[in-house]
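Novice: Pasting a structure below so you can have a look.
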Amino acid sequence: MTNKATKIITYILLVLAVITIIGVVAHFTNGFTSDFKTFYVTVDGKDVMTSSSGYKVTIEKPLQVDVKYTFNFATDETKDYSVKIVPNKIENSDFTYTVDGESKSFQSETDLTAAFAIDKGEKSFIVKPKGKSLTEVLTAFYGKEVTDCENKGYTDMFTIIVMSYNGEASVKLNFTVAGKVTGVSFDKEVILF
C-alpha cells in the first residue's frame, strides 16, 4: 500500500473509533441526559438506565429483569444487587382501603415487597404478584382480609427499585398488577342488530 492509502485508512479507523466511543457514551448516559451509568437493567430486551414505566405484571406473565454492570464483562466476579417494591407516589392518585376494620392509605406504605414473589438469581430476577387482583395482592401483604379496594388503583401504581451492590446506583421500574375481569355488562340501548 502507498503512504497516502495508509493515511486514509488510518483516518477512517480513527473516525470510526471516535463515533463508536460517542455512541457508547450516549447509550450509557441516556442520550447525554444523565451521568455515565455503570449499573442498569434490561426488561423485554430494552436497556433501562434510570427508570421506565408501563409494565403489566400477572401471575401468568411475571416481569423478568436482567441486572447488568457496565464493566462486569471483563471479570468472573458476580456483583450483588437488591430489589424492593414500593408504592409509586403520584399526586392525587392515593386511595384508601380497609384492613381488619382500620382504614389504610396505599401511598403511606414504605415497603410492599412482601406482596410479591421475587425469584432472585445471580444476574436476573422475576417478580410475580401474590394474587390476581389488587385486593388479593394487598391481602397477601397484610396477611389479613382487605376490603373496600375494588375498582381502586391507578396505572403504574407499584415501583420496583433495583439497587446496585454498593447502594450507589438504582433503577426504577413502574408497573401495574393487571386485575382479573370480574364481569361484563352491556348497555341494551346501544347494542344494534
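Novice: Could the peptides 103-113, 39-49 be put in order, highest first, of the mean number of other beta-carbon atoms found within 10 Å of their residues? Present the calculation step by step, with values, prior to reporting the outcome.
Specialist: Values: 103-113: 14.0, 39-49: 16.0.
Put in order of decreasing packing, that is 39-49, 103-113.
Novice: Too long at a 25 Å Cα-Cα cut-off: which of LYS79/LYS128; LYS46/LYS152; LYS56/LYS79?
Specialist: Beyond 25 Å: LYS46/LYS152; LYS56/LYS79.
Novice: Tell me, in nm to one decimal, what length is gained between ALA5 and SER108 on full extension, where the rule is 0.36 nm per residue of separation less the Cα-Cα distance?
Specialist: Details: separation 103, 0.36 × 103 = 37.08 nm, distance 6.83 nm.
Gain in length upon complete extension: 30.2 nm.
Novice: Per residue of segment 10-15, what does 6.51 cos²θ - 1.76 cosθ + 1.60 with θ = phi - 60° give for ³J(HN,Hα)? Whole Hz please, x for Gly and Pro, Karplus curve as stated.
Specialist: 3J(HN,Hα) across segment 10-15, in whole Hz: 4, 5, 4, 5, 5, 5.
Novice: On to the next question. What dipole magnitude, in Debye to the nearest 20, does segment 37-177 give about its Cα centre under +1 on Lys/Arg Cβ and -1 on Asp/Glu Cβ? Mind dumping the intermediate values first?
Specialist: Working: 17 positive and 21 negative charges, 57 e Å.
Approximately 280 debye in magnitude.
Quick note: the coordinates plus some simple rules give every number you see, no bench work behind them. What you are looking at is a predicted structure, and each value in this text was computed from that prediction instead of being measured. Counting neighbours? That spans all protein chains shown, and the Cβs are built from the backbone with ideal geometry, glycine included.
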